[in-house]
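The values are calculated or read from the model by the stated rules, or taken from the named source; none is laboratory data. Quick caveat, the model's predicted, so the values are computed rather than measured. When we count neighbours, we look across all protein chains shown, and the Cβ atoms used for this are built from the backbone with ideal geometry, even at glycine.
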Ligand SMILES: [Zn+2]
C-alpha cells in the first residue's frame, strides 16, 4: 500500500450583501416570488447594458483586503461562455486573466496549532439563476438570483486533510461575516464551496490528477464529502487504476461521490474580455480608505481577548463571530471590568436573545444593564441564581437591575443573625445528619446547606451558610 498525501484546495463562492445586483438595480432579496426581481439586464435581453454596482466593488475589495490580498489597480471583466437554462445571456460575466486581487492568505487553527493557507485570487462575478426541478413534472427557471454579486475565493492547494478544509471554510466564513460582506448562510446558498481533491505518493512533488466536488452545502458534509472522495481515489490508485479529471458530487444518503461530468478546461468556456464593461480602475486613495476602515479582524481580536483579557479561547471565538457581539462585550466590560465574567454571562445568557442581520446585531438587553447586573452579583447583593431571575425581568426593557432587585426583595441575606437562626432551625430538624457530620461524614454538610438555602428561599449567601453550619455542627 502506498502512503498517499491528501492535497485539497477549496473554491468558495460568497454572495456580497448588497441590496441590488451586480450589473442592474434589481433587488437581491432572497425568497421573493420567482422571476419578480428581474429586468432587461439580468434577463439578458438584447440591447441591455450592464452597469457595475459600486457598493459590490467596495465589498469585494474589503473582502480581498481582509484576506491579505494584493489589490490590482486595473482589472478586466470577462465573458465565461456556456449554455445552461439558468443563464439567460449564454455567458456569465466574471473575471479571468486579470482579476482585481491575488496572493492572499488565511490563518486556520486546528488542534491548537495555527498555520497560513494561501489564497490564489479573489475575483468578482455574477451568479446564475436557479433551475427548479419536479414542479408538476416540469423543470422551471427562477432568475431572481441571476446577476446577484459574488466573489469567488480560490484557495491554494495547501490543505492536507478534510479537517483542515473544514477549518479553512469556517475561518473564511467567520472573516467575511465579520466584515459584513456575506451572511455565511450555506443553506440559502449565499456561501458555497467546491473542493478540489487529489492524492500523491508522500514525498512526490507533482500533484496527482484532481477531481472537483461541487456545491457542498453544509459544514457537516465538507469533511464527509472529502473523506469519501479520498477513500475512492485511494482505492482506485491502490488497484493500479488512474484518476480521471472530473466533476463529482457527494450524496449524503449513500456517503459516496459520483460523477457529474468530465471536467471542463478553461478553453471550453471561450473566455474573452467583456466588451460592454470598461476595465475596472481602483485608485490608491480608494484602496487605502478601505484598508484603513477595516479595523481589527477576528483572529487578531481573539488573540487580544485570550492574551490580554485572559478569556477562554472558546469564548473569544464566540465573541468574534459577529462584530456586534464584540462591541456588546467591550461596552459591558467598560461598565464592569471583569472580562471573563462578562464573557461567560454573554455566552450563556445574552447570546440567546441576539439577532443578527448583516453588520447589525440586536440584543434584548443593553451592555450597561449587563454590567450593572454583574456588579450586583460581584458585591454579594444577589446570588448567581437570582441574577438569572433579574435578567429575565429586564430582558426587552430598559429597567435597571437594581430596581428589579428592590421591587422583588431579592437581596441576598448576608445578615449573619438571620442566617444563623435559619441554620439552627435546620440543625434541630435533622439530628441524624448532624450525627453523621460529627462522625466525619463531611459530605452530609452539603445537604444541610441545601436545606438552609431552601429555608431562606435561595437568598442566603451559600459560603456564609456553609461556614456557619460547619461551626455549629462541631459545637
Ligand atoms: Zn435586473
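For segment 14-31, a tally of residues being over 11 Å from residue 56 (Cβ atoms), outside any loop (DSSP other than H, G, I, E, B) and more than 10 Å from the ligand (Cβ to nearest atom) returns 1. Among the residues of segment 412-454, those that are over 14 Å from residue 467 (Cβ atoms) and part of a loop (DSSP other than H, G, I, E, B) comprise 412, 415, 430, 439, 440, 441, 443.
Scanning segment 255-281 for residues that are more than 30 Å from residue 54 (Cβ to Cβ) and touching a helix residue (DSSP H, G or I) at 6+ places or on another chain (Cβ under 9 Å) yields 255, 256, 257.
Restricting 25, 68, 47 to those that are without any contact (Cβ under 8 Å) to a residue 40 or more places away in the chain and at positive phi reduces the list to 47.
All of (1) under 23 Å from residue 19 (Cβ atoms); (2) without any contact (Cβ under 8 Å) to a residue 12 or more places away in the chain hold for residue 136 with one exception: (1).
Against the test of being over 32 Å from the mean Cα position of the chain (by Cα) and surrounded by fewer than 15 Cβ atoms within 10 Å (Cβ to Cβ), the options 392, 422, 402, 439 yield a single qualifying residue, 439. Taken together, 342, 317 contain a single residue that is surrounded by 13 or more Cβ atoms within 10 Å (Cβ to Cβ) and modelled with pLDDT of 95 or more, which is 342. Can you say whether residue 37 is within 16 Å of the ligand (Cβ to nearest atom) and surrounded by 14 or more Cβ atoms within 10 Å (Cβ to Cβ), as far as the supplied structure shows? Here the answer is yes, as residue 37 does meet what is asked. Filtered by the rule that a residue be closer than 23 Å to residue 182 by Cβ and either part of a helix (DSSP H, G or I) or without any contact (Cβ under 8 Å) to a residue 40 or more places away in the chain (or both), segment 306-333 gives 316, 317, 318, 319, 323, 324, 325, 326, 327, 328, 329.
Every residue, every condition in (1) under 16 Å from the mean Cα position of the chain (by Cα); (2) within 21 Å of residue 121 (Cβ to Cβ); (3) surrounded by fewer than 21 Cβ atoms within 10 Å (Cβ to Cβ), yes or no:
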site	(1), (2), (3)
157	no, yes, yes
162	no, no, no
168	yes, yes, no
183	yes, no, yes
194	no, yes, yes
206	no, no, yes
219	yes, no, yes
235	no, no, yes
